[in-house]
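Trainee: My questions will all concern the structure given below.
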Amino acid sequence: MFETRLLNETDYDALVHWWKWFRFTAPPKDMLPQDGMGGIMIQKDGVDVCAGFLYTTNSKIAWLEFIVSNPEYKDKNRKEAIKTLINSLCHIAHNLGFKAVFTSVKNQSLINHFKDTGFSLDAHKSSEMVKRL
């Protein structure tokens, strides 16, 4: 049903457009994973549907982040595409030897998609903090 491909150099501009549409500040390109398994795109019939990134570490935990979908993709299977993306990134992490995947999510719909794919929600609220160097 869905195809998965690695992100390429030309995808960034489209992703920036998608992030802007959802009122999310796009991460600078140099803050996204640059290795071959860093980001993937889910497609349906040649149409880009959603993308996300996997940050790898030197420990047994990976970080899944910056999930974004094509705002112009209106098919009913959009939720399944996002769940396919999450599961695919987790599968990559598993195959690379990671034992856990962490993510940080604010959007309730996306939280539900993560729950549907087996992620658990911490009962305590937390805050994301970043210090740019």
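The values are calculated or read from the model by the stated rules, or taken from the named source; none is laboratory data. In this text the structure is predicted, and so the values were computed from the model without any measurement. Neighbour counts run over all protein chains shown; Cβ positions are idealised from the backbone, glycine included.
Trainee: Output the residues belonging to the range 92-127 that are surrounded by 12 or more Cβ atoms within 10 Å (Cβ to Cβ) and of a type in the set (D, E, K, R).
Mentor: Scanning the range 92-127 gives K115, D116.
Trainee: In this structure, is K20 closer than 26 Å to N95 by Cβ and either at pLDDT 95 or above or among the hydroxyl-bearing types (S, T, Y) (or both)?
Mentor: Working: closer than 26 Å to N95 by Cβ: no; either at pLDDT 95 or above or among the hydroxyl-bearing types (S, T, Y) (or both): yes.
No, not satisfied.
Trainee: While we're looking at this one, here's another question. Within the range 55-81, which residues are surrounded by 18 or more Cβ atoms within 10 Å (Cβ to Cβ), closer than 15 Å to K44 by Cα and hydroxyl-bearing (S, T, Y)?
Mentor: Correct list: S69 only.
Trainee: Across the range 8-30, what is the number of residues that are more than 26 Å from Q108 (Cβ to Cβ) and either in a loop (DSSP other than H, G, I, E, B) or in contact with a strand residue (DSSP E or B) (Cβ under 8 Å, 6 or more places away or on another chain) (or both)? So that I can check it myself, show each step before the final result.
Mentor: Applying the first criterion (more than 26 Å from Q108 (Cβ to Cβ)) to the range 8-30 yields 8-13, 28-30.
Applying the additional criterion that residues be either in a loop (DSSP other than H, G, I, E, B) or in contact with a strand residue (DSSP E or B) (Cβ under 8 Å, 6 or more places away or on another chain) (or both) yields 8-11, 28.
Summing the residues that are more than 26 Å from Q108 (Cβ to Cβ) and either in a loop (DSSP other than H, G, I, E, B) or in contact with a strand residue (DSSP E or B) (Cβ under 8 Å, 6 or more places away or on another chain) (or both) in the range 8-30 gives 5.
Trainee: Here's another thing I want to ask about it. Among strands (runs of 3 or more DSSP E) lying entirely in the range 31-105, which contain 1 or more residues that are within 10 Å of the chain's Cα centre (by Cα) and over 18 Å from D116 (Cβ atoms)? I'd like the intermediate steps shown before the answer.
Mentor: On the way: elements: 39-44, 47-55, 61-69, 100-102.
The strands (runs of 3 or more DSSP E) meeting that bar are 39-44, 47-55, 61-69.
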